[in-house]
Amino acid sequence: MPPRILIVGAGLYGATCARELHDAGCRVHVIEQRAAPGGNCATRHVPEADCHEHVHGAHIFHTDNERVWRWVQRFARFNGYTHRVKVRHGAQLYSFPINLFTLHQVFGVATPAEAQAVLARERVPIAEPANLEEQALASVGPTLYRLFIEGYTRKQWQRDPRELPADILKRIPVRLDFDDGYFNDRFQGIPVGGYSAMFDRLLAGVRVDFGVDFLRDREHWLARHDHVIYTGPIDAFFDHGHGRLGYRSLRFERELLPLDDYQGSAVVNHTDAAVPCTRIIEHRHFERPEPGRRRTAGHTLITREFPLDGGPGREPYYPVATADNLARLARYQAMAASLVPQVHFGGRLGSYRYLDMHQVIAAALAHVQRVLDTPRHAAVASGIEP
Ligand code: FAD
Ligand code: UDP
């Protein structure tokens, strides 16, 4: 008999494993506590605004990994959207991430050489930045730090930027030309028809049960499967025996407005500490009407995003990599290691790591390969009992 594999969670990690293992001949059963697949990538169609709502915040697919890009094309056609963000601070709008146009708006410079000179003057000499504030002061100086980083970071992380690691900022480029793309990756886009349609194709033919919480019946599920891929929070699997891992959560406030276009861009970051939300997304801008088709909706949908501390009852969106949390994580990982090979902890919550979608797919494909290379599973997948 082919191996019986249980996948806990129909998010991107679970769905990627499910597709590959099902196609390899394993008996795959996916259980998902929510009512629909997609995890945090889920979208839903909003007919009044003629667009797909990114239910758990803006999701832009971007990668430099050709294998992952080719793989994901099997399940979606991507619309060529390239992510560009504007910043609003007070009454002013700025180009972002910091580029030559931003430096023109703030300092009046017009060439890369002038931009270089103004940054050299602004930068604070800090040889080894020990925290996010020092990293910002060392790379762009106090004027740009106050305008673009300090307020947003305080709101986003609900912590003083001096208590945050420097490397959070390394995700954001600083450019001396007019390139205002948010990501450097060669491949970008949003699935035409929304992410949820992509998940329907990813899970086609796979047995999926919704509204099922694995943790309610853990022993039942473990006893009936050769291998379990668990993509929920690692601390919840062990009943928080070493204490809860910290997460950051978000509150989304959605509004359907009787306008064609509210802000002219998919994302505007509000970096001013006086404005409580961090960003506003306008979902219609993630999509492009098919050539020759005009938008007919009389409304547009916007979502304001407000950061919240995570905690019981709130969605655990972002792991918070403080020393305390990492020490606790190490204890859970030691417990998880004792369950290998029967249980594998994967995805953003199972590994307690901030992973983008392309990284999640790459990690899931690597795990599937490990499962299929396991002599017992390889033998049973090919129909020969070991
Ligand atoms: P999840 O999507 O969290 O899926 C886990 C699933 O497991 C969930 O459906 C959950 O309900 C289920 N589950 C958990 N516990 C149980 C249980 N006990 N029983 C049954 N089911 C269970 N990535 C990008 O590449 N680009 C972006 O622009 C981007 N923007 C993001 C914006 C926000 C606000 C957030 C939060 C994330 C963003 N990401 C982005 C990251 C992206 O969401 C993740 O990489 C991806 O969704 C992770 O997939 P996953 O399967 O690991 O986790
Ligand atoms: N950031 C900022 N101002 C911005 C955008 C980002 O200061 O307008 C900082 C902030 O600390 C944020 C980090 O850069 O957490 C990474 O930004 P990214 O957009 O990658 O992730 P986010 O945490 O906003 O989802």
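Collect the residues in region 41-73 that are among the basic types (Lys, Arg) and in contact (Cβ under 8 Å) with a residue 40 or more places away in the chain, keeping them in residue-number order. Matches in region 41-73: Arg44, Arg67. Would a scan of region 199-206 turn up a residue that is near ligand 1 (Cβ under 10 Å from one of its atoms) and farther than 30 Å from His83 by Cα? No, region 199-206 contains no residue that is near ligand 1 (Cβ under 10 Å from one of its atoms) and farther than 30 Å from His83 by Cα. For first residues located in region 223-244 and more than 16 Å from Val340 (Cα to Cα), partners that are β-branched (Val, Ile, Thr) and lie 6+ apart or on another chain with Cβ distances below 9 Å form the pairs Gly232/Val8. Scanning region 165-189 for residues that are more than 16 Å from ligand 2 (Cβ to nearest atom), loosely packed, with under 14 Cβ neighbours inside 10 Å and not basic (Lys, Arg), we see that the one that is farthest from Glu114 (Cα to Cα) is Asp179.
Within the bounds of region 104-112, is there any residue that is buried (at least 17 other Cβ atoms within 10 Å of the Cβ) and within 23 Å of Glu287 (Cα to Cα)? No. Every residue in region 169-182 that is closer than 16 Å to Thr63 by Cα and either at pLDDT below 95 or in contact with a helix residue (DSSP H, G or I) (Cβ under 6 Å, 6 or more places away or on another chain) (or both), please. Selection gives Arg171, Ile172, Pro173.
Considering only residues in region 58-76 that are touching a helix residue (DSSP H, G or I) at 6+ places or on another chain (Cβ under 9 Å) and among the polar types (S, T, N, Q), the one that is nearest to ligand 1 (Cβ to nearest atom) turns out to be Thr63. Of the residues in region 340-359, not one is crowded, with 17+ Cβ neighbours inside 10 Å, of a type in the set (A, V, I, L, M), at pLDDT below 95 and assigned to a loop (DSSP other than H, G, I, E, B).
So which residues in region 153-205 are touching a strand residue (DSSP E or B) at 6+ places or on another chain (Cβ under 9 Å), over 22 Å from Glu305 (Cα atoms) and among the small types (Gly, Ala, Ser), if there are any at all? Selection gives Gly193, Ala197. No other residue among Ala42, Ala36 is surrounded by 18 or more Cβ atoms within 10 Å (Cβ to Cβ) and more than 18 Å from Trp221 (Cβ to Cβ) apart from Ala42.
Restricted to region 233-286, and to residues there that are charged (D, E, K, R) and exposed (fewer than 15 other Cβ atoms within 10 Å of the Cβ), the residue that is nearest to ligand 2 (Cβ to nearest atom) is Arg251.
Residues of region 48-93 that are in contact with a His (Cβ under 6 Å, 6 or more places away or on another chain) and surrounded by fewer than 16 Cβ atoms within 10 Å (Cβ to Cβ): Glu48 alone.
Residues are listed down the side, and each one gets a yes or a no for (1) under 28 Å from the mean Cα position of the chain (by Cα); (2) of a type outside the set (A, V, I, L, M):
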| site | (1), (2) |
| --- | --- |
| Asn99 | yes, yes |
| Ala113 | no, no |
| Val118 | no, no |
| Pro125 | no, yes |
| Ala130 | yes, no |
| Glu134 | yes, yes |
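Within region 151-164, being assigned to a helix (DSSP H, G or I) and either within 7 Å of ligand 2 (Cβ to nearest atom) or within 20 Å of Thr322 (Cβ to Cβ) (or both) holds for Tyr152, Thr153, Arg154, Lys155, Gln156, Trp157, Pro161, Arg162, Glu163. Of all residues being surrounded by fewer than 17 Cβ atoms within 10 Å (Cβ to Cβ) and among the hydroxyl-bearing types (Ser, Thr, Tyr) in region 319-339, which is farthest from Ser249 (Cα to Cα)? Just the residue, please. Filtering first and then ranking leaves Ser338. With respect to the conditions (1) at pLDDT 95 or above; (2) out of contact with any Lys or Arg (no Cβ under 8 Å at 6 or more places or on another chain), Pro291 lacks only one, and its number is (1). Taking region 217-334 as the region of interest, the strands (runs of 3 or more DSSP E) fully inside it that hold 3 or more residues being over 27 Å from Phe96 (Cβ atoms) are 227-230. In summary, helices (runs of 4 or more DSSP H) completely within region 1-113 and bearing 2 or more residues that are within 16 Å of ligand 2 (Cβ to nearest atom) and not hydroxyl-bearing (Ser, Thr, Tyr) occur at 100-107.
I'm checking my understanding of the structure. Among residues of region 333-371 that are away from ligand 1 (no atom under 11 Å from the Cβ), in contact with an Asp or Glu (Cβ under 8 Å, 6 or more places away or on another chain) and not β-branched (Val, Ile, Thr), which one is nearest to Ala223 (Cα to Cα)? The qualifying residue nearest to Ala223 (Cα to Cα) is Gln342.
The values are calculated or read from the model by the stated rules, or taken from the named source; none is laboratory data. The model shown is predicted, which means the values in this text are computed figures rather than measured ones. Using ideal geometry, Cβ is built from the backbone for each residue, glycine included, and neighbour counts are taken over all protein chains shown.
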